[in-house]
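A short write-up of the structure that comes next.
What follows is calculated from the coordinates using simple rules that are stated; it is not laboratory data. Nothing here was measured: the structure is a model prediction, and the numbers come from that model. Note: ideal-geometry Cβ built from the backbone for every residue, glycine included; neighbour counts use all protein chains shown.
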Amino acid sequence: METVQQSKPKDYKSDVPPIWCAGCGDYGVLASLTAALSQNNVAPVDTVLVSGIGCSSRLPFFVTTFGMHTCHGRALPVATGIKLARPELRVIVVGGDGDHFSIGGGHLPHVARKNIDLTLIVMDNSIYGLTKGQVAPTSRPGMVTTTTPYGSADMPVNPIAYALVYGASFVAQSFSSNVKLTTDLIVKAIRHKGFSFINVISPCPTFNKVDTFEYYKPLLKSIDEIHPDKSDKVKALSLAMTMGRESGEVPVGLFFQEERPTYVEMVKEIKIKNKGADNPDLERIIDILRP
Ligand SMILES: Cc1ncc(C[n+]2csc(CCOP(=O)(O)OP(=O)(O)O)c2C)c(N)n1
Ligand code: SF4
Ligand SMILES: [Mg+2]
């Protein structure tokens, strides 16, 4: 694997200037991601960014790594294929709350429980930004949007609880303008063996006039002091379910981290146990899973 010597965040920024609106939270995520890649000193050529469709999903254009802009909601299965075919690559998925909790919401649970070795960074703005302001899965109850002119009747998804319950082995939340925290979490997520998930609250000042930087800033609360044992999943879930916009305290930091075998390691174990078994189909399937 090629190693970049003393890389800098600018080494990961492409010549394509971001076309996000002025003040979009996604700029903070881009800055954090390039800082994290530089801290981990990974070569762009060894890294693949995979996205779906949305404002946030444009991010791979703005970096020098390999990138794949897939279909709306389908970044995780594509990324899984890349990781299984080329396990030596670092695979990072980026996208929006619509992409990962709505149209693609069926993929996150399975990537989490299988512990596929990749990182998912969601830029959660509680709105569909690219399509100009429709209600999203993390929009608050009663929110007026272009598709809910009289207010949303839906209960929002709780991304942290969702990821924990489905078995993600690394679960964190950050806020886009806190570049230091977001960078630190991305550094740890990339180093984590298994599926790592970070929900980054990333305001959309153009189409979401309620979940703004000004609204969130006084509510943000680091969970490190009240939750020092990151292996305590029950405490992590309890915090995820009791803290949030409704409680007046929005938790940020690392909720949970555990070490357990990845999908490829599990398959390898099955292969060893079944060595010599008269099962050519199983042999063929597990042979394609490298290393
Ligand atoms: C199959 C399919 N359905 C719908 C769309 C239209 N569409 C494009 S992006 C988007 C929502 C984007 O919202 P989100 O994922 O939250 O990203 P954001 O723009 O907010 O960053 C939708 C509905 C599409 N491109 N493809
Ligand atoms: S519409 Fe919203 S999410 Fe999209 S670039 Fe503009 S501010 Fe960002
Ligand atoms: Mg969105």
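Brief remarks on what is shown
- Note on the chain: dipole from Cβ charges, positive end direction compared against S169, A43, A79; the farthest Cα belongs to A43.
- Cross-link reach list, lysines versus K10, counting only Cα pairs under 29 Å and skipping chain neighbours closer than eight places: K83, K180, K188, K193, K217
- Computed 3J(HN,Hα) for the range 170-178, one whole-Hz value per residue from the Karplus formula 6.51 cos²θ - 1.76 cosθ + 1.60 where θ = phi - 60°, is 8, 9, 8, 9, 9, 10, 4, 7, 8, glycine and proline marked x.
- Partners of K114 within straight-line reach, counting aspartates and glutamates whose Cα lies under 16 Å from its Cα and excluding those fewer than 8 residues away in the same chain: E258, E259, E265, E269.
- With a simple spin-label model that places each label point 7 Å from the Cα along the Cα-to-Cβ direction, the separation between N40 and I103 comes to 2.7 nm.
- Backbone amide hydrogens, once placed in the peptide plane, bring A136 within less than 5 Å of Y128, excluding anything fewer than 5 places away on its chain.
- The packing ranking of peptides 167-178, 67-78, highest mean first, is 167-178, 67-78, where packing means the average number of other beta carbon atoms within 10 angstrom of each residue.
- Area projected by the alpha carbon convex hull of the range 116-248, averaged over all directions, nm²: 8.4 nm²
- In the chain, the alpha-carbon atoms span a convex hull of 134 Å³ per residue.
- Relative contact order (percent, whole number), the chain, Cα cutoff 8 Å, 6+ residue spacing: 17 percent
- Segments 94-101, 34-41, 255-262 sorted - mean Cβ within 10 Å per residue, highest first: 94-101, 34-41, 255-262
- Other residues whose C-beta falls under 12 angstrom from the C-beta of P141 contribute a net charge of 0, scoring Lys and Arg +1 and Asp and Glu -1.
- Among the trypsin sites (Lys or Arg not before Pro) within the range 76-177, those in coil by DSSP and having at most 12 neighbouring Cβ atoms inside 10 Å are K132.
- With Cα atoms, 0 to 90° folded angle of helix 75-85 axis to the chain main axis: 20 degrees
- Rounded to whole numbers, the Karplus 3J(HN,Hα) couplings from phi for the range 93-105 are 9, 10, x, x, 5, x, 4, 9, 10, 10, 4, x, x Hz, using 6.51 cos²θ - 1.76 cosθ + 1.60 with θ = phi - 60°, and x at Gly and Pro.
- Close amide H pairs (under 5 Å, H built 1.01 Å from N) link F255 with V171, A172, Q173, residues at least 5 positions away or on another chain.
- DSSP beta bridges in the chain [antiparallel fraction, %, rounded to 5]: 20 percent
- Dipole magnitude of the range 9-260 about its Cα centre (Cβ charges: Lys, Arg +1; Asp, Glu -1), debye to nearest 20: 320 debye
- Cross-link pairs exceeding 30 Å in C-alpha to C-alpha distance, out of K13/K230; K230/K271; K233/K268, comprise K13/K230; K230/K271.
- Qualifying lysines (Cα of each under 20 Å from Cα of K235; at least 8 residues distant if same chain): K221
- Summed side-chain charge close to V63 - residues other than V63 whose Cβ falls under 12 Å, Lys, Arg +1, Asp, Glu -1: +1
- Think of the range 9-260 as having a plus end and a minus end, set by charges on the Cβ of Lys, Arg, Asp and Glu; of V94, H69, S152, H69 sits farthest toward the positive end of this dipole.
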